[in-house]
Structure formats: structure tokens, C-alpha cells
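Structure first, then comments.
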């Protein structure tokens, strides 16, 4: 069988009716990877034998029983490599399961395959991987987005039913938009990060990349919830995300932030999103214009806060307890300099230096403290908007997938790829990207993503809004 | 405005900061990163426009403070597992270059 186009919900029906066994599903996904991945390079590694062994014992009565899920290379899966696409973690083997993996296994799912990413999740194109460049399945000369570019590309290319990614400033939603799949960033605190290699701890969230909103709800259901191992995970009940999925948007108020329809957005992207907004109107939602006046500062704010946190988090890579160690060090200080100099790639170095600078004595108040205050204003904008509307609609990315190499020499231009996604992380709210048609560029049909945003912990509402569009658009 | 609360501080030297954070850079990297980060710093200076008078800082996005849990031993890693990824170890310990002159 060919697993391409097979959703989790669809595979579950086949598994439960006995038309398909979990072992055959693993074998089919493995064959699809064998056939397609040489053109995509979305996977870094996979352990077929252990996945097959898990499939032999799969309990298909469980919510994700027997379903293989690809995992971004910075989430620990016991016994598998967890290299964060970095030279500094080359050869690292995860000694334990992240909580999301424990939860996926408890729901019957089988972690299968490690997906490529920007090194330590720093980037918007997956070109910052120290291992390989992943290609967009819709045009191999273009990037898949990032940093979860591998996770989005393998789902879009039919090499995985679903995957896990992480989103610090758009790293699930932007690649999902550019590859044409669904990408969900849960609210801050909704999903445990225990066992996730940290980039920016006040922003990072783990979430699914799937083919449908229905599948996103199924995966979120499995991974959400409080974890005593992660003090930032919220101790609040997890609702049934499938219960109200089909309830529609009739009578809902949906806001369109005027600041998100500005110069610089590709006209075809703006057109597709406008059409999606009209679909919502036709479904009975009231569309209102809202203002998020501090949105324009989100990218600048993010590059202070995220780099500051990254510079602290990445201090642990010192060549002592794990990872790469430079040869020939004269003393301990020299050992650190050489190990980190050899082990980290260019973008990671840029961010560590920027983050160290904004935290350094004499500059802390000017940069970091000010950025935290601007963050308060960005959060407040959303709080005020959500007093008036149930959800917000915008483009996910201002442009369709760009060419490989196009933005690599211009970090600032690369950073602006996340201009519409970053604010949700700063505010801690939940957001999702759903495919909303294509832009024609050089005879290629490049996917465009619609972003839906909802208040913190309102994933049920978020998924319901996204599902209404998905169903109406016949995706 | 006081110099400690706005971003009017032009001095930024990639080499100095890389030293603070123990990050070895080649000459080529220094000459690439310096202008790129100068450009990024110029961009982020736009935050100076924002009136933040009387605004509380946000450290993270959820209202959770001081989470406690019982301090009890649990089954975690064995010493062997904990050192299994070490580039150099001996007798269950991590080996590092000499730190103290003796």
C-alpha cells in the first residue's frame, strides 16, 4: 500500500477494521521514505526494527494505536540519536523518553524517524541544519520552511502520517504553511517540554504537524496535559478536542488584525487569505477588523528575548558531559572556546553572541528589560482583541516558499519570515496554520497557509475554527 | 533618556562578546558576524520608540510562579547511563582538562 494521503483518522479506521496491520503500515511508511526521501532529505535517521517490534504489539483500540509518528531531532526518544541537527551533539544517544514520547506511546503511537531541522531550532528554512538541506516537496529548488522543516516536508511528501515539531517563533506553523500541511502551536504550558532540548524556554512549545485539523486534534489530545517534570506545564484539565470539532463558526466573531495586511506580503498570499476570510463569512461568522498596535515590534522583541534565553540554555554544551569535544585544548577555558567554536554552526553563534550581549552588564536594562516590557504590551494587545472576538485570522507567512540559498546571507531578512507567527509565542496563545490554496510562482503551485489564533488554553475553539474552514474548502 | 534604559549604546564588539561566552571564532567568522549583528542591533533599536513607562515586564507567558514538588529520590539514571554520552569518562566520572595548577 501507498501511505501518501493516508490520515491518522483514515489509518485508524483501516487498523480497527483489520484491513491493515500496524506492521504493514510501518513497512509501507518505510518504503515511502525509501522511495521519496532521496528527493526531500527530510529524515535524519530511522529505526525500522524497533518500530516494527512496537507494531507487532500495537493495541489498535488505543486512540493512536499502531500509528507511526515522525519526531523532530530535538525531542528525546530513548535509544535513538537526538542531535538537534548540530555537530556539537553528533553521536548523542537519548538516554530517556521525553514526556511527549511517553504520552504518545501510552496512546499507542509508534515514534518512527528523526526529522531534519535548523540547528537547535534556530532558523526559518532548515538550511541551518549541520547535516543536510531539506527540500520543499512542491518545488525541490525551494526551502520547506523552518525550523521544523523536516517534520512538515515528510508529512507533505507522504513519507509520514504525522510528525511532532517545535514552535518558538513560528517553527511549526511556517513550515506547515510552506509545505501545505496543518501545523499547530499549542498554548504556552499546554504540553510538557521535559525531554525537549531547550532553545528559548519562555517561548518553546511542542506541537503536531498533520494533514488535517482532525488529526491535529488527535495528536494534541495525546500529548497535552500537566507533567510534574516540567514546572511550566499548566495543571489544568485537558478537554476533549474532538467533541466540538465539527460545531462550526456560525455566530462566532472572527477578527482580522489590520497590521497583518501590510506592504511586503505577497499579493497572492494576501488574496488566498482574503478568500479564506470570505469562506468564514459565508459560514456565518462575523468578520471584524481589530488592531494589534504593537505587532510591528514583535520580531525585534523576539530577537532579544529568544537569543537571551538561548545564550543561557546553550551554555550546557561544554564538551564535558556529552557531545563534541575539541582536541588539543591548552586549559579548560581553551577547551570551551574550541569545543563550542567547532561544534556550533553560524546561526547558532550569531544568536548566542546577540543573546549574551543583550544580557551583559550595562546593556541588560536597555535591551532585555525593555524587551520584556514590550512583550507585556504585545500580550495586552491580544487580551484586548480577544475581549471583542473569538479568534483571529491572518496569513501564516508573508511569502510562499523561497529559494534555497536566497536568504542565507541576510539574517535579518530570514528573521522577517516569521513576522506573523512570532507574536503568538510572545503572548503565549495558541495558533494553527491551515492550507488555504496555492500561489503560482514560476509554473509551480506553492502552498499558502491561513493562520488562526485563539486565546491561551482555547485549543478546542482554535481547532473548531480551523476545522470549519478545512471542511468548507474541501481539503 | 538615560543610557541604561535605551539602546543608544553603539559599542558592540563580536570578539569581546564571544570571549565572554567562551565561543571560538575564526577571523572569517568575525568579519561576517560583526556587520550582520550590527544590522540586527540597528533593527532591534526600534523598541526605543515604545513608551514602556510604568509597564511591568513579562518573563514568561503563563501566570505560574514557584512550583514545588516533593523532594524524594526516584529511579533515574544509573551512573553508567549518566556518563554514557561523555566524550571522556573514567570510573563513572567525567574527565576534563586540568583546572587547578598543581
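The values are calculated or read from the model by the stated rules, or taken from the named source; none is laboratory data. On a predicted model such as this, the values are computed, not experimentally measured, just so you know. FYI the Cβ positions are ideal-geometry reconstructions off the backbone, even for glycines, and counts take in every protein chain you see.
Output the residue which, of all residues in the range A:58-85 that are within 14 Å of chain B (Cβ to nearest Cβ) and assigned to a loop (DSSP other than H, G, I, E, B), is surrounded by the fewest Cβ atoms within 10 Å (Cβ to Cβ). The extreme case among them is A:79. Residues in the range A:338-348 that are surrounded by 23 or more Cβ atoms within 10 Å (Cβ to Cβ) and over 15 Å from residue A:197 (Cβ atoms) were compared, and the one that is farthest from the other protein chains (Cβ to nearest Cβ) is A:339.
Annotation: residue A:242 fulfils all but one of (1) surrounded by fewer than 22 Cβ atoms within 10 Å (Cβ to Cβ); (2) closer than 17 Å to residue A:166 by Cα; the unmet one is (2).
Per-residue answers, yes or no, for (1) within 16 Å of the chain's Cα centre (by Cα); (2) away from every other protein chain (no Cβ under 13 Å); (3) within 25 Å of residue A:384 (Cα to Cα):
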site	(1), (2), (3)
A:426	yes, no, yes
A:430	yes, no, yes
A:433	yes, yes, yes
A:456	no, no, yes
A:461	no, yes, yes
A:473	no, yes, no
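Of everything listed in (1) at the interface with another protein chain (Cβ under 7 Å from one of its Cβ atoms); (2) modelled with pLDDT of 95 or more; (3) surrounded by fewer than 18 Cβ atoms within 10 Å (Cβ to Cβ); (4) farther than 24 Å from residue B:87 by Cβ, the single unmet condition for residue A:365 is (2). Here residue A:350 meets each of (1) more than 16 Å from residue B:41 (Cβ to Cβ); (2) assigned to a helix (DSSP H, G or I) with one exception, condition (1).
Yes/no per residue for (1) under 25 Å from residue A:323 (Cα atoms); (2) buried (at least 16 other Cβ atoms within 10 Å of the Cβ):
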residue	(1), (2)
B:19	yes, no
B:39	no, no
B:55	no, yes
B:72	no, no
B:83	yes, yes
B:86	yes, yes
B:89	yes, yes
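Applying the set (1) under 30 Å from residue B:72 (Cα atoms); (2) more than 22 Å from the chain's Cα centre (by Cα); (3) modelled with pLDDT of 95 or more to residue A:228 leaves exactly one unmet item: (3). Picking from residues in the range B:89-102 that are facing chain A (nearest Cβ under 7 Å) and modelled with pLDDT of 85 or more, the one that is nearest to residue A:339 (Cα to Cα) is B:96.
Among residues belonging to the range A:288-318 that are touching a residue at least 60 places away in the same chain (Cβ under 8 Å) and outside any helix (DSSP H, G or I), point out the one that is farthest from the other protein chains (Cβ to nearest Cβ). Among those residues, the one meeting the criterion is A:288.
Put simply, of A:3, A:38 the only residue that is within 27 Å of residue A:129 (Cβ to Cβ) and touching a helix residue (DSSP H, G or I) at 6+ places or on another chain (Cβ under 8 Å) is A:3.
Scanning the range B:44-71 for residues that are under 15 Å from residue A:368 (Cα atoms) and at the interface with chain A (Cβ under 7 Å from one of its Cβ atoms) yields B:44, B:46, B:47, B:50, B:52, B:55, B:56, B:57, B:58, B:59, B:60.
For the range A:322-337, taking the residues that are farther than 15 Å from residue A:87 by Cα and in a loop (DSSP other than H, G, I, E, B), the one that is farthest from the other protein chains (Cβ to nearest Cβ) is identified as A:328.
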